[in-house]
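First comes the structure, then the notes that go with it.
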Amino acid sequence: MKMKKIYFLLFFLIVISCENTQKNKIMPLITIEKKAFGRTLDGVGVDQYILRNKNGMEISAINYGGIITSWKAKDRDGNYKDIVLGFNNLSEYESESPYFGAIIGRYGNRIAKGKFTLNGEEYTLAVNNGENHLHGGLKGFGKVVWDSKEVVDDSTASLVLSYVSNDMEEGYPGNLEVKVIYTLNNNDELRVKYKAVTDKTTIINLTQHSYFNLSADFNKNILDHDILINADSFLPVDSTLIPTGEIRNVGDTPFDFRRPKNVGEEINNSNNQLMIGNGYDHCWVLNNQNQGLRFVASAYDSGTGRLLEVFSDQPGIQFYSGNFLDGTLQSKIGGNYDFRSGFCLETQHYPNSPNEKSFPSVTLSPGEKYVTETIFKFSSKE
């Protein structure tokens, strides 16, 4: 009788052990799922990659423009909801998107009159934003199909995107080999690493253009979000949103976000810079530029408790309060993307740097490596 009990106990332990082994095999802590997202107007297939971590965070990105189409983050009650603006199909990204979720390049932000001089030679770029060049031109990096590769280990899931921008594409010199790596970890961080090399001296300024609404209700505006920007100065702009060259202290201005401040608190003030941008659409000169990767900004939604913290090694950050959203674009949850229904925190070099010698250099030469990193970290608080 005792032997039967012993055999039964051993059998029971073996079954439990096998079940646990099977669970470990079929329930990895972090994963990537790949599926078709559609075809471009040129007939090129586009894939969507869904990165998931053990906590439940889920980030979807496509290899068209490296666009982040969905980003599910946890609120204070543990609910995961999508907090980035975007579309449900590829055709809208091709025809209507104001850079929703896209990789921006070769040069993020504006270049005055679409011209710059490099090594004594003047280059002319597409003028696609009034009289200026914006976000890399008519297509830029946000409207091309990137090569893609998945890399997964025990604690991270990465989507590696690669693209070769040919010499004089959009007017930029040099064959530029670019790699952008999205890495999700189990700390609810998305690390975005940018790498590039060139065979001819060129300029480069890459960034990520996700529009956030931490309430997860895209029918609401973002004026009740609290923003913090670790910067003592910002760059005033002219009537076409090109920096004047002045670096102005934020003290006693609506541009002082050194402590968390409600976006709507001063956005409608009769301030000349706010009137030019119809709100915030400026680059802040970040503090501690010699420290490399460091905390640079945060956003908090008190209604849901979602907190976004941004870390970067870049000298600037463009805070854009969604002033050009006008209700004409249909939301992916129904309704429309109305005025200021999303905001961007774009880590980058300063706008128009190629034409401002006092700004940090954006030149990349053969033999040099362009490497920069930004981290978006989510958490929640009461």
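The values are calculated or read from the model by the stated rules, or taken from the named source; none is laboratory data. Keep in mind that this is a model prediction, so the values were computed, not measured. Cβ atoms come from the backbone with ideal geometry, glycine included; neighbour counts cover every protein chain shown.
General remarks:
- Test: residue in the stretch 189-196 that is among the acidic types (Asp, Glu) and either at positive phi or part of a loop (DSSP other than H, G, I, E, B) (or both): no
- Residues satisfying the stated conditions in the stretch 71-89, i.e. surrounded by fewer than 18 Cβ atoms within 10 Å (Cβ to Cβ) and either modelled with pLDDT under 95 or not basic (Lys, Arg) (or both): 77, 78, 79, 80, 88, 89
- Scope the stretch 313-328; condition outside any strand (DSSP E or B), crowded, with 18+ Cβ neighbours inside 10 Å and out of contact with any Ser or Thr (no Cβ under 8 Å at 6 or more places or on another chain); matching residues: 315, 321
- Restricting 107, 123, 99 to residues that are farther than 20 Å from residue 283 by Cα, surrounded by 17 or more Cβ atoms within 10 Å (Cβ to Cβ) and either of a type in the set (Ser, Thr, Tyr) or out of contact with any Ser or Thr (no Cβ under 9 Å at 6 or more places or on another chain) (or both) narrows the list to 123.
- Just one residue in the set 274, 228, 223 is within 21 Å of residue 304 (Cβ to Cβ) and touching a Pro at 6+ places or on another chain (Cβ under 8 Å); that residue is 228.
- Among (1) within 24 Å of residue 151 (Cβ to Cβ); (2) assigned to a loop (DSSP other than H, G, I, E, B); (3) in contact with a helix residue (DSSP H, G or I) (Cβ under 9 Å, 6 or more places away or on another chain), the one test that residue 178 misses: (2)
- Any hit, the stretch 272-291, residues being surrounded by 21 or more Cβ atoms within 10 Å (Cβ to Cβ), part of a helix (DSSP H, G or I), without any contact (Cβ under 8 Å) to a residue 24 or more places away in the chain and not polar (S, T, N, Q): yes
- Checked against (1) of a type in the set (A, V, I, L, M); (2) closer than 18 Å to residue 101 by Cβ; (3) without any contact (Cβ under 8 Å) to a residue 60 or more places away in the chain, residue 329 meets all criteria but (3).
- Residue 126 of a type in the set (A, V, I, L, M) and part of a loop (DSSP other than H, G, I, E, B): yes
- Residue in the stretch 341-356 that is surrounded by 14 or more Cβ atoms within 10 Å (Cβ to Cβ), over 29 Å from residue 113 (Cα atoms) and touching a residue at least 24 places away in the same chain (Cβ under 8 Å) present: yes
- Once the stretch 108-152 is narrowed to residues that are acidic (Asp, Glu) and over 23 Å from the mean Cα position of the chain (by Cα), the residue that is nearest to residue 238 (Cα to Cα) is 131.
- Annotation note: Cβ proximity below 7 Å between a residue of the stretch 204-218 that is under 11 Å from residue 141 (Cα atoms) and a residue that is part of a loop (DSSP other than H, G, I, E, B) and modelled with pLDDT of 95 or more (sequence gap 6+ or interchain) occurs for 206/105; 206/108; 207/108.
- Within the stretch 357-371, considering residues that are part of a loop (DSSP other than H, G, I, E, B) and touching a Ser or Thr at 6+ places or on another chain (Cβ under 7 Å), the one surrounded by the fewest Cβ atoms within 10 Å (Cβ to Cβ): 366
- Residues within the stretch 134-171 that are in a strand (DSSP E or B) and modelled with pLDDT under 95, tallied: 0
- Residue among 203, 247 that alone is of a type in the set (Val, Ile, Thr), more than 17 Å from the chain's Cα centre (by Cα), on the phi < 0 side of the Ramachandran plot and surrounded by fewer than 16 Cβ atoms within 10 Å (Cβ to Cβ): 247
- Yes/no for residue 117 being surrounded by fewer than 16 Cβ atoms within 10 Å (Cβ to Cβ), touching a residue at least 24 places away in the same chain (Cβ under 8 Å) and in a strand (DSSP E or B): yes
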